[in-house]
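What follows is a short report on a single structure.
A short reminder: the numbers here are calculations on the coordinates, not readings from a lab. These numbers were taken from a predicted model, which means no experiment stands behind them. Note: ideal-geometry Cβ built from the backbone for every residue, glycine included; neighbour counts use all protein chains shown.
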Amino acid sequence: MDESTFAARLAETAAAIERELEIVLSAEPRPGEPARPARLIAAMRYATLGGGKRLRPFLAVETARALGRADKGPRRAGVALECIHAYSLIHDDLPAMDDDDLRRGRPTTHRAFDEATAILAGDALQALAFEMLADPATDPSADVRAALCAGLARAVGLSGMVGGQMLDIDAERSMSPLSVSAIVRLQAMKTGALLSFSVEAGTRLAGASPAASAALSTYGRSIGAAFQIADDLLDAEGDAATLGKRVRKDAERNKATLVGALGIEGARRELARLIGEAESALDSSGVGAAGDGLRATARFVATRKN
Ligand code: IPE
Ligand code: IPE
Ligand code: MG
Ligand code: MG
Ligand code: MG
């Protein structure tokens, strides 16, 4: 799949996800709800609807499609993933964490609203994600829905995203630099876990065979690790106008990154190695040409400019 076909497919999925986000994040209460506090829903909409690559939803939708499922189930899971991701960004940007003022080319949520509203918007987005996954509209099988909820909880909790964020903050305050293997583990938790769960959600929704699930899980872990290395390279080399967020902040804040531990060239080599690993895993997954979108995603992770 060439770059422009991939870009069009990513844009098409992003548009479908945004249409669905518009519905679940309507300002008016949804059936059965007593109220939607105006300031809270405004902040949730601000954080989710203002741009973003929608890569996590794309991974879920594209994995399911490669395995033969193309209905609304994977899109609903994608919306849940994007809600979690938006929540993680809102909290990541708070003064108590990375203290950033710019996200997706606009003021961060706590800047546009206030800290209390931003914290609550993140909390409510997290709850909404689980509500979406638990809804029979996502999948008719209660077993599949329970597996999705449990898998997401593991990916984002104590030993997933939130645990990784704790290690990231600990490292920032530490006097001695982390080892390469400790950085790899930190990044697998803070960023890799949600990205690889996005692929896993696709395999679960499509009822993939154990062999295909295992190969795609390797693919997910590899691009998950690659994604944060690319983010760290962009922080070191990119520009704020293209990225929509402040740059050079990692070195300034003593963040534990592979760019810091291995240098730019070393981090680039590791990124390329991981993309190769992701491509080999796809080749052995048995999805064949149906996996071309996922193959193009691996290349995109390494070459993206924002
Ligand atoms: C940024 O994620 C935060 C990281 C996990 C590195 P993205 O680069 O996917 O952010 P958006 O959603 O496209 O803005
Ligand atoms: C964020 O990593 C990972 C999350 C879990 C949100 P970063 O702190 O490097 O992300 P940016 O650079 O602020 O987008
Ligand atoms: Mg951070
Ligand atoms: Mg940050
Ligand atoms: Mg970063």
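Note on the stretch 24-66: residues that are under 30 Å from Ala212 (Cβ atoms) and part of a loop (DSSP other than H, G, I, E, B) amount to 3. Restricted to helices (runs of 4 or more DSSP H) entirely inside the stretch 188-283, those with at least 1 residues that are in contact with a Leu (Cβ under 8 Å, 6 or more places away or on another chain), among the basic types (Lys, Arg) and surrounded by fewer than 20 Cβ atoms within 10 Å (Cβ to Cβ) are 258-283. Taking every residue in the stretch 285-306 that is closer than 15 Å to Leu59 by Cβ and pairing it with any residue that is part of a loop (DSSP other than H, G, I, E, B) and within 16 Å of ligand 1 (Cβ to nearest atom), at least 6 positions away or on another chain, the pairs with Cβ-Cβ distances below 8 Å are Arg304/Lys53. Among the residues of the stretch 1-23, the ones that are touching a residue at least 24 places away in the same chain (Cβ under 8 Å) and assigned to a helix (DSSP H, G or I) come to 13 in all. If you go through the stretch 88-99 and pick out every residue that is within 12 Å of ligand 1 (Cβ to nearest atom) and either among the charged types (D, E, K, R) or under 23 Å from Ala64 (Cβ atoms) (or both), you end up with 4. Residues satisfying the criterion are present in the stretch 50-65 (criterion: of a type outside the set (Ser, Thr, Tyr), surrounded by 15 or more Cβ atoms within 10 Å (Cβ to Cβ) and over 23 Å from Asn306 (Cα atoms)).
With a requirement of 2 or more residues that are farther than 22 Å from Gly51 by Cβ and within 16 Å of ligand 3 (Cβ to nearest atom), the helices (runs of 4 or more DSSP H) lying completely within the stretch 96-185 that satisfy it span 161-173. Screening Arg69 against (1) outside any loop (DSSP other than H, G, I, E, B); (2) within 25 Å of Gly202 (Cβ to Cβ) leaves a single unmet condition, (1).
For the stretch 76-85, check the following and say yes or no: at least one residue is farther than 27 Å from Ala241 by Cβ, β-branched (Val, Ile, Thr), within 16 Å of ligand 3 (Cβ to nearest atom) and buried (at least 22 other Cβ atoms within 10 Å of the Cβ).
If we filter the stretch 76-85 for residues that are farther than 27 Å from Ala241 by Cβ, which is where we start, we get 76-81, 83-84.
Of the ones still in play, those that are also β-branched (Val, Ile, Thr) are 79, 84.
Now narrow it down to the ones that are within 16 Å of ligand 3 (Cβ to nearest atom): 84.
Those still in the list that are buried (at least 22 other Cβ atoms within 10 Å of the Cβ) too: 84.
Checked the stretch 76-85: at least one residue is farther than 27 Å from Ala241 by Cβ, β-branched (Val, Ile, Thr), within 16 Å of ligand 3 (Cβ to nearest atom) and buried (at least 22 other Cβ atoms within 10 Å of the Cβ).
Of all residues being within 16 Å of ligand 2 (Cβ to nearest atom) and touching a residue at least 40 places away in the same chain (Cβ under 8 Å) in the stretch 124-153, which is surrounded by the fewest Cβ atoms within 10 Å (Cβ to Cβ)? Just the residue, please. Filtering the stretch 124-153 for residues that are within 16 Å of ligand 2 (Cβ to nearest atom) and touching a residue at least 40 places away in the same chain (Cβ under 8 Å), the one surrounded by the fewest Cβ atoms within 10 Å (Cβ to Cβ) comes out as Gln126.
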